[in-house]
Amino acid sequence: MMSFICLRYVTVTFQSWEKKKKVCFHCHSPKRVQAVGPVWTQCIEPNSLEEHSLYEESLDKRALRRKLTSSEKFNRRGFSEEKEATQMLMNSEFSSLLLQEARAGNKEIRSGKVTVKLASSYGFCWGVERAVAMALETRKHFPKQKIWITNEIIHNPKVNARLAEMNVQFVPHKNFVRDFSGVSSEDVVILPAFGATLNEMQYLSDLGCQIVDTTCPWVSKVWNSVDKHKRANCTSVIHGKWNHEETIATASFSEKYIIVLNIEQAQYICKYILYGGDKNEFISKFKNAMSSGFDPDRDLEAVGIANQTTMLKNETNAIAKLFEETMLKKFGPQELSKHFIAFNTICDATQERQDAMLDLVEEPLDLVLVVGGFNSSNTSHLQEIAERKGIPSYYIDGPERIGPHNRIVFRSSSSQELLEKENFLKRGPITIGVTSGASTPDKIVQDVLERVFMIHKLYCSS
Ligand code: SF4
């Protein structure tokens, strides 16, 4: 019998909806937790994999989610009476007349010798706009209450800073564990656009605070598909980053899952499905990216595909195809439907922005600027498209990355480090492709363009 220590699941305790006891959310055992803070506990005892999986099978996460979201203190629509004032605030804080006009016209902006070609789709997506508007409505609706967000509302530092200025606080966290000790039943807690875990939702519901859930319906659609995987006895293969908030939330709604970052990891798993391999190596490779007690020899008999909504759609499709072909090879066409299921859960906004970027990089461009928060997954994928095309491209999070003089500080899609480039704008006429991530307000893009126009005029116009 294998055993392991449940140290990874240091977390807040919550009231089990079945037993009303404090339990470890991972192994659900009241015996295996010890207090390490006001509401934090740690699971310390070794436990058998079999025991874990038996207990978890008895839980119906879908039913629990429904129960929590139908509570009268769980708001998923915002506050209609605040919508008009909020819309005015959104327009003044985040939109840009310059970009609005370009969007309505030929997607080009000219200033001096600089021509900017905008992607045909860029910037705030519907889900992000909705989440930010709901957060602002919440602030207006509860002017006196303490308001918290379990995480960044979206992946844009300027938007999050603006909310902080409005006295909306972020729940502190460390190593993926949130410390809710400061939150009381009188408070209001906003769940961000990429959702929250089932355990966080349950903890807050048990606490009795007002919850405003801004989770994008596209993200909920992925959660519905992992429910369907479970009902079909399939393991969810989630294409995403195991430490991304959206994927952490999606994983919390699945029973059995494995998270794959890219096609190389998918190939490794598919090879294991077909030919077996070193089980210890497998477990160590995916140690942060699979459900508790995951056994590659047992849990890869039937799979369903899900994704973090902001991954590269071509890669998600390629991963799904690879698993389908693998199951076809292993079980034959008659049995395929018992071993493989997939639903289209790539969100339209991600798809449109990636398609627009693919079109943009086909144009004759001297360079590309990709604007968005550095922790924004969808923005880094846009940058990746420009890099693959071999066009000089700069991923920046705001206008302050440009200057002084003809200089830019930027990131690449793969590196966390900031890079610098002197003389990034060439002399004379220049054509720049511009796009921005789904969490980037147009106002920031406008500020970036104004900085570029000024620098080109000062240093490169002759
Ligand atoms: S990128 Fe897609 S899933 Fe994410 S918030 Fe926008 S619309 Fe929703």
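The values are calculated or read from the model by the stated rules, or taken from the named source; none is laboratory data. Everything quoted here is computed from the prediction, not taken from an experiment. Neighbour counts are summed over all protein chains in view; Cβ atoms, including those assigned to glycine, are modelled from backbone coordinates with ideal geometry.
Can you tell me which residues in segment 114-142 are part of a helix (DSSP H, G or I), within 12 Å of the ligand (Cβ to nearest atom) and farther than 20 Å from GLY195 by Cβ?
Hits for segment 114-142: nothing passes.
Which residues, counting only those in segment 216-235, are within 16 Å of the ligand (Cβ to nearest atom) and free of Cβ contacts under 8 Å to residues at least 60 places away in the same chain?
SER220, ASN224
Taking the conditions exactly as written (in contact with an Asp or Glu (Cβ under 7 Å, 6 or more places away or on another chain), more than 16 Å from the ligand (Cβ to nearest atom) and on the phi < 0 side of the Ramachandran plot), does SER71 satisfy them or not? Spell out how you get there, then give the answer.
Details: in contact with an Asp or Glu (Cβ under 7 Å, 6 or more places away or on another chain): no; more than 16 Å from the ligand (Cβ to nearest atom): yes; on the phi < 0 side of the Ramachandran plot: yes.
It is false that SER71 is in contact with an Asp or Glu (Cβ under 7 Å, 6 or more places away or on another chain), more than 16 Å from the ligand (Cβ to nearest atom) and on the phi < 0 side of the Ramachandran plot.
Taking the conditions exactly as written (assigned by TED's automatic domain parsing to the domain that holds PRO399 and within 16 Å of the ligand (Cβ to nearest atom)), does ALA104 satisfy them or not?
For ALA104, the condition - assigned by TED's automatic domain parsing to the domain that holds PRO399 and within 16 Å of the ligand (Cβ to nearest atom) - is not met.
Quick grid of which residues meet (1) under 27 Å from SER291 (Cα atoms); (2) in the same structural domain as PHE79 (by TED's automatic domain parsing):
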residue: LYS144; (1), (2): no, yes
residue: MET166; (1), (2): no, yes
residue: ASP179; (1), (2): yes, yes
residue: VAL183; (1), (2): no, yes
residue: SER205; (1), (2): yes, yes
residue: VAL222; (1), (2): yes, no
residue: CYS234; (1), (2): yes, no
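Name the helices (runs of 4 or more DSSP H) wholly inside segment 179-274 in which the number of residues that are at positive phi and either buried (at least 24 other Cβ atoms within 10 Å of the Cβ) or more than 23 Å from the chain's Cα centre (by Cα) (or both) is 2 or more. Even if it seems obvious, please write down each step before you answer.
On the way: elements: 198-207, 217-231, 245-253.
In segment 179-274, there are no helices (runs of 4 or more DSSP H) which contain 2 or more residues that are at positive phi and either buried (at least 24 other Cβ atoms within 10 Å of the Cβ) or more than 23 Å from the chain's Cα centre (by Cα) (or both).
Quickly run through segment 150-178 and pick out the residues that are within 18 Å of THR86 (Cα to Cα), in a strand (DSSP E or B) and within 19 Å of the chain's Cα centre (by Cα). Give the steps one after another, and end with the answer.
Within segment 150-178, the subset within 18 Å of THR86 (Cα to Cα) is 153-154, 158-168.
Pick out the ones that are also in a strand (DSSP E or B) and you get 168.
If the condition is that a residue be within 18 Å of THR86 (Cα to Cα), in a strand (DSSP E or B) and within 19 Å of the chain's Cα centre (by Cα), then no residue fits.
What do you reckon, is MET201 closer than 29 Å to CYS347 by Cβ and within 16 Å of the ligand (Cβ to nearest atom)?
Considered against the rule, which asks whether it is closer than 29 Å to CYS347 by Cβ and within 16 Å of the ligand (Cβ to nearest atom), MET201 comes out as no.
What is the number of the single condition among (1) of a type in the set (Val, Ile, Thr); (2) touching a Lys or Arg at 6+ places or on another chain (Cβ under 9 Å); (3) buried (at least 19 other Cβ atoms within 10 Å of the Cβ) that THR431 does not meet?
(3)
Could you list all residues from segment 240-283 that are basic (Lys, Arg) and under 23 Å from PRO217 (Cα atoms)? Can you show your working first?
At the first step, the residues of segment 240-283 found to be basic (Lys, Arg) are 241, 256, 271, 279.
Within segment 240-283, LYS241, LYS256 qualify.
Between residues in segment 290-309 that are within 27 Å of ASN344 (Cβ to Cβ) and residues that are in a loop (DSSP other than H, G, I, E, B) and basic (Lys, Arg), which pairs lie under 6 Å by C-beta distance while being six or more apart or on different chains?
Listed pairs, sorted by first residue: SER291/LYS256; ASP299/LYS256.
How many residues are assigned to a loop (DSSP other than H, G, I, E, B), of a type outside the set (Val, Ile, Thr) and within 16 Å of the ligand (Cβ to nearest atom) if we restrict to segment 413-449? Explain how you work it out, then say what you get.
If we filter segment 413-449 for residues that are assigned to a loop (DSSP other than H, G, I, E, B), which is where we start, we get 413-418, 423-429, 437-441.
Retained after the next criterion (residues that are of a type outside the set (Val, Ile, Thr)): 413-418, 423-429, 437-439, 441.
From the residues that got through so far, the ones that are within 16 Å of the ligand (Cβ to nearest atom) too are 437-439, 441.
Qualifying residue count, segment 413-449: 4.
Got a number for residues in segment 292-313 being hydroxyl-bearing (Ser, Thr, Tyr) and surrounded by fewer than 20 Cβ atoms within 10 Å (Cβ to Cβ)?
Residues flagged as hydroxyl-bearing (Ser, Thr, Tyr) and surrounded by fewer than 20 Cβ atoms within 10 Å (Cβ to Cβ) within segment 292-313 amount to 1.
Would you check which residues across segment 329-381 are outside any loop (DSSP other than H, G, I, E, B), aliphatic (A, V, I, L, M) and away from the ligand (no atom under 13 Å from the Cβ) and list them?
Within segment 329-381, LEU336, ILE341, ALA342, ALA356, MET357, LEU358, LEU360, LEU367, VAL368, LEU369, VAL370, VAL371 meet the criteria.
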